[in-house]
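The values are calculated or read from the model by the stated rules, or taken from the named source; none is laboratory data. In this text, all values refer to a predicted model and were calculated from it rather than measured experimentally. Here the Cβ is made from the backbone with ideal geometry for all residues, glycine too, and neighbour counts use every protein chain on show.
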Amino acid sequence: MVRDTKIIFEQSVPGRIGYSLPNPCYGEGCQIDIPASLKRQSSLNLPEVSELDAIRHFTNLSFKNHGVETGFYPRGSCTMKYNPKINEEIASIPTFNQLHPLQNSASIQGVLKIYDELAKILSELSGLHQYSLNPFAGSHGELVGLMIMKAYHESRSDFKRRKVLVPDSAHGTNPASVAVCGMEVIEIKSTDKGTVDVEDLKAHLSDEIAGMMLTNPNTLGIFESDICQIQKLVHDAGGLLYYDGANLNALLGMARPGDMGFDIMHINLHKTFSTPHGGGGPGSGPVGVVEKLVPFLPNPQVKKQDGYYYIEQNKDAIGQISGFFGNFKVWLRAYVYILTLGKEAIKHIGPLATLNANYIKEKLKDVYELPIEGFCMHECVFDGLKDQSTGVKTLDVAKRLLDFGFHAPTVYFPLLFHQSIMIEPTEVESKQTLDEFVQVMRQVAWEAKEQPELVKNAPHTTPISRIDEVYAAKKMILTYKDYVLEQSKS
Amino acid sequence: MHKYFPHTEHDLREMLQFLGLNDIKDLFQDVPSHVKFPGDYNIPLQMNEIELRAHFAKLASLNQTYTIFSGLGAYDHYEPSVIPFITSRQEFLTSYTPYQPEVAQGTLQYIFEYQSMICELTGMDVSNASMYDGPTSAAEAMFMAEAITKRPKMLVSSAIFPHIKEVLKTYAHYRGLEIDWIPATNGHTDLTEIQTLLTKEHAMVFVQKTNLFGVIEDYTNLADLVHANGSLLVIYADIATLALIKTPGEDQADIAVGDCQTLGIPIGFGGPYLGYMAVKKTHVRKMPGRICGLSYDKNGKRSFVLTLQAREQHIRREKANSNICSNQSLMALYITVYLTLLGPSGLKRVNELSYQGAHYLYQELLKTKKFEVAFDQPFLKEFTIKSLIPAPLMQSALQQAGFFGAYPLAEIDPELENLYNFAVTEKRTKAEIDALVHVLGGLSW
């Protein structure tokens, strides 16, 4: 049973406390003496609850969430794989929690060694020369990569390169990162096979091109098999090729972006390397580059000489893009994961993830519209139900899945189709789980024909039913204070 | 095969047979053969759990932990025991961004509570669901000021932490923005200079309190000056201190940013922390990042949902306010639990203890005669003090005694010679402070 949970402010009783702190002990001369003009004027309305009140509140909230350990989480593009417990155990080692980021290098040799070794492993797995672990997330990595791209051209006094090519199938972060970096997005069309339209690419090449961003396999789960031609075209035009690592899981054990001619890339450690998504973050987005771009990697940089690790501020670097060394305890978890799998097992990730996705695709393509035939990589994309005569849409299918204990796939992305359903099972799911999912997907397709209202009104068994999103946007009740004000009006 | 892969030989055979394939590698027909990776990666062999524990115990032992007496953006605050138990619940830890609100009310409600608490502390109207860290939230505030005012220059205090300064410089450079610097005098931003420096090209005035020197700056009348020029006032504030000192809202700021690490997040070699951003309601549509709003479901049940998403990259692509996607959501849960446990009285106590400890240390250092007043300015938990003890001597003596402190500001700016940073939190005891003073007071050279 899921309890109805009040907002924490509604549980507040003046005088209750949930902390344990020392009493002041410094004597007379240390009493707080701040000029009135610098003091806070308003009262501070934070909740006042006991420790158990607090625990019950958040525990009850957690019951309203679906996590990877609750059940299958086939969100395409998100790589919702298992987040191993040993990662959590290692990340909670007290020593790691107690290090100040400004300590001198001699006193942090252990964490600098982890930084350096993980960076080297990521280089080997991706075929690029060197990595910075400082970027906080995938889109932060994109921005940093684009800064490196810009810095490279500027270092050659080539200031007119301001355009970045981005396929129309790209993740939204790609064009957004280009704009944030002060450059111009040129959208490249996809063919009806879902891959980059090479002719359209050719038409947009010029000496104003800074580079191209590409996800491979792309967001349709299809490998860009013209990659060799694409890389040659972009390079011949003087541009650099950026690899969006969001879909790297498919390639582990099969191919390396560096070998395909990519110059810069980021890796989402929270996807491919098992660190938890945390309800939206923290992630980690290390950026790797080919040798000629190494000087531009962000500061601070971790270096090694004669077995001693030290921190360097490089004058050619793009600068600093994070307060310190990024999300340390996230990249620490990724390092644990890699060592848990090691050389022997890591190469099976791509093939197993790909096998799972193809299995689902083939099992469902007679009832869901498969817009592009052929083998997919780690994820497959359907364009809604094959039979849409009863008006059941992709959103309805997604909501109905929740009733069966599955999380919904990614829906309405990629934008190339109107009813996209993007399914990424990852390598951690068993044949039994896939079979159960397939069976439920088929049942929903049947319901859509026979009992369409059941699907259109789904979900029926979740803590809440469908939400009025228009009300949320119109009323803009974004804090408890807003809510109290709104209540007083009605 | 491996505990993370459930596929048995039998499963593999059945699945491949269903797909009409003999070998799993046949799935990769679209990958040109010359880019296929042929063999084994040159990476370490796998370790079992027993080996992993030993390996990381050894790696941990290669680091030295200290009793921490410096800050500069990372502080050793009290971490209530409850929080890790909540944040490690798989329902919070392993879930994705709450795009399916029916099965993500747990995440959405704590984001709503987080936003409410950030607004309470900062005195602002609207908070987003989190940014990466303090410095990147400052950079996002700069872009937001540019978008609102359509002006290309920024006027930024020199008395801000170096990591904020560096991140602002990087982001500004690649965006094509220019930063002018307000000089610092006697340990604080020289606010009288703003009148001369501020032009119609400036999108924002950016100040920090408490500042690089630990000083609580006084922003009386600053907002009027900035707003009269059509610019925005952005205040970077240590959020924990706002229980005690004037809030950005009370200072009439347009945007408040900073780091929430000071709300009990482990110092953890710099991350993960959490950057906050809170703004006046008029600016909400220009704010980056996710926002959660309250609404009702079909049955009239109060519920929560991500809202105003037309600002974000997954909808607006290159026209989005920012490229941010992943944020630091789990850390937002961390500080929501923290603020729930501490409440107004706990946060007040944290500030009292830190204030008293810092002022006790300050006075005791002066008593040794080896330290002198650098600036006679009000401070809270962090301060700058002058000393003629040679920096290397001071550093090695402190390290030997197990302290991280007296961070030399000359490392940041050579002009800040002989100035040292100290920070004291509620975790430091009087005995630890006395021991630190004993070490420094006994030095001779």
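On the given criteria, is residue A:104 in contact with a Pro (Cβ under 7 Å, 6 or more places away or on another chain) and within 30 Å of residue B:405 (Cα to Cα)?
Values: in contact with a Pro (Cβ under 7 Å, 6 or more places away or on another chain): no; within 30 Å of residue B:405 (Cα to Cα): yes.
Here the answer is no, as residue A:104 does not meet what is asked.
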| said: Looking at the structure I just gave you, is residue A:478 assigned to a loop (DSSP other than H, G, I, E, B) and modelled with pLDDT under 95? | reply: no
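Answer yes or no as to whether residue B:151 is facing chain A (nearest Cβ under 7 Å), farther than 25 Å from residue A:476 by Cβ and in contact with a Ser or Thr (Cβ under 9 Å, 6 or more places away or on another chain). Even if it seems obvious, please write down each step before you answer.
Details: facing chain A (nearest Cβ under 7 Å): no; farther than 25 Å from residue A:476 by Cβ: yes; in contact with a Ser or Thr (Cβ under 9 Å, 6 or more places away or on another chain): yes.
Taking the combined requirement at face value, the residue does not satisfy it.
With respect to residue B:113, is the statement that it is surrounded by fewer than 24 Cβ atoms within 10 Å (Cβ to Cβ), at pLDDT 95 or above and of a type outside the set (Lys, Arg) true?
Details: surrounded by fewer than 24 Cβ atoms within 10 Å (Cβ to Cβ): no; at pLDDT 95 or above: yes; of a type outside the set (Lys, Arg): yes.
So residue B:113 fails the test.
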| field | Test result for residue A:172, within 21 Å of residue A:246 (Cα to Cα) and in contact with a Leu (Cβ under 8 Å, 6 or more places away or on another chain) | value | no
| query | Got at least one residue in the range A:151-170 being facing another protein chain (nearest Cβ under 10 Å), without any contact (Cβ under 8 Å) to a residue 24 or more places away in the chain and either surrounded by fewer than 22 Cβ atoms within 10 Å (Cβ to Cβ) or in a helix (DSSP H, G or I) (or both)? | reply | yes
| Would you pick out the residues in the range A:85-110 that are in contact (Cβ under 8 Å) with a residue 24 or more places away in the chain, closer than 21 Å to residue A:340 by Cα and within 8 Å of chain B (Cβ to nearest Cβ)? | A:86, A:88, A:90, A:96
| Residues (crowded, with 20+ Cβ neighbours inside 10 Å and more than 10 Å from chain B (Cβ to nearest Cβ)) located in the range A:448-487 | A:448, A:455
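When you look at residue A:265, is it touching a residue at least 40 places away in the same chain (Cβ under 8 Å), within 24 Å of residue B:272 (Cβ to Cβ) and in contact with a strand residue (DSSP E or B) (Cβ under 7 Å, 6 or more places away or on another chain), yes or no? Full working, then the answer.
Values: touching a residue at least 40 places away in the same chain (Cβ under 8 Å): yes; within 24 Å of residue B:272 (Cβ to Cβ): yes; in contact with a strand residue (DSSP E or B) (Cβ under 7 Å, 6 or more places away or on another chain): yes.
Yes.
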| field | From the options A:33, A:53, residue that is assigned to a loop (DSSP other than H, G, I, E, B), over 29 Å from the mean Cα position of the chain (by Cα) and more than 7 Å from every other protein chain (Cβ to nearest Cβ) | value | A:33
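How many residues does the range B:120-158 hold that are in a loop (DSSP other than H, G, I, E, B) and surrounded by fewer than 24 Cβ atoms within 10 Å (Cβ to Cβ)? It would help to see each step written out before you state the result.
Start the filter on the range B:120-158 by keeping residues that are in a loop (DSSP other than H, G, I, E, B), which leaves B:123-125, B:128-130, B:132-133, B:150-152, B:158.
If we keep only those that are surrounded by fewer than 24 Cβ atoms within 10 Å (Cβ to Cβ) too, we end up with B:123, B:125, B:150-152, B:158.
Counting residues in the range B:120-158 that are in a loop (DSSP other than H, G, I, E, B) and surrounded by fewer than 24 Cβ atoms within 10 Å (Cβ to Cβ) gives 6.
Does residue B:284 satisfy the criteria of being touching a residue at least 12 places away in the same chain (Cβ under 8 Å) and in a strand (DSSP E or B)? Break it down stepwise before answering.
Working: touching a residue at least 12 places away in the same chain (Cβ under 8 Å): yes; in a strand (DSSP E or B): no.
So residue B:284 does not fit the description; no.
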| field | Counted residues, the range B:374-385 - those being more than 16 Å from residue B:440 (Cα to Cα) and aliphatic (A, V, I, L, M) | value | 2
| Of all residues in the range B:251-270 being at the interface with chain A (Cβ under 10 Å from one of its Cβ atoms) and either in contact with a Lys or Arg (Cβ under 7 Å, 6 or more places away or on another chain) or outside any loop (DSSP other than H, G, I, E, B) (or both), which is farthest from residue A:112 (Cα to Cα)? | B:259
| field | Members of the range B:230-250 that are touching a residue at least 40 places away in the same chain (Cβ under 8 Å), at the interface with another protein chain (Cβ under 10 Å from one of its Cβ atoms) and crowded, with 24+ Cβ neighbours inside 10 Å | value | B:241, B:242, B:247
| message | Filter the range B:49-95 down to the residues that are within 7 Å of another protein chain (Cβ to nearest Cβ), closer than 24 Å to residue A:278 by Cα, in a loop (DSSP other than H, G, I, E, B) and free of Cβ contacts under 8 Å to residues at least 60 places away in the same chain and list them by number. | response | B:88, B:89, B:94, B:95
| task | Within the range B:12-29, count every residue that is closer than 17 Å to residue A:222 by Cα and either polar (S, T, N, Q) or in a loop (DSSP other than H, G, I, E, B) (or both). | result | 1
| query | Only one of these conditions is not met by residue B:105: (1) more than 7 Å from every other protein chain (Cβ to nearest Cβ); (2) closer than 30 Å to residue B:325 by Cα. Which number is it? | reply | (1)
| said: Step by step: first the residues of the range A:126-165, then only those that are over 19 Å from the mean Cα position of the chain (by Cα) and aliphatic (A, V, I, L, M), then the one that is nearest to residue A:220 (Cα to Cα). Which residue is that? | reply: A:165
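Within the range B:69-100, which residues are among the aliphatic types (A, V, I, L, M) and out of contact with any Ser or Thr (no Cβ under 8 Å at 6 or more places or on another chain)?
Within the range B:69-100, the first condition is being among the aliphatic types (A, V, I, L, M), and the residues that meet it are B:72, B:74, B:82-83, B:86, B:93.
Those that are among the aliphatic types (A, V, I, L, M) and out of contact with any Ser or Thr (no Cβ under 8 Å at 6 or more places or on another chain): B:72, B:74, B:82, B:83.
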| message | Name the single residue that is surrounded by the most Cβ atoms within 10 Å (Cβ to Cβ) among those in the range B:351-366 being more than 7 Å from chain A (Cβ to nearest Cβ) and in contact with a helix residue (DSSP H, G or I) (Cβ under 7 Å, 6 or more places away or on another chain). | response | B:361
| message | Residues that are closer than 19 Å to residue A:271 by Cα, aliphatic (A, V, I, L, M) and within 11 Å of chain B (Cβ to nearest Cβ): does the range A:203-215 have at least one? | response | no
| request: Among what's in the range B:316-336 and is facing chain A (nearest Cβ under 7 Å) and over 24 Å from the mean Cα position of the chain (by Cα), pick the residue that is surrounded by the fewest Cβ atoms within 10 Å (Cβ to Cβ). | output: B:318
| said: Anything in the range B:287-299 that is without any contact (Cβ under 8 Å) to a residue 24 or more places away in the chain and assigned to a loop (DSSP other than H, G, I, E, B)? List them, or say none. | reply: B:298, B:299
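Only one residue in A:69, A:48 is acidic (Asp, Glu), over 30 Å from residue A:433 (Cα atoms) and at the interface with chain B (Cβ under 7 Å from one of its Cβ atoms). Which one? Before you say what the answer is, go through the steps one by one.
On the way: A:69 fails: over 30 Å from residue A:433 (Cα atoms).
A:48 is the lone residue from the list that is acidic (Asp, Glu), over 30 Å from residue A:433 (Cα atoms) and at the interface with chain B (Cβ under 7 Å from one of its Cβ atoms).
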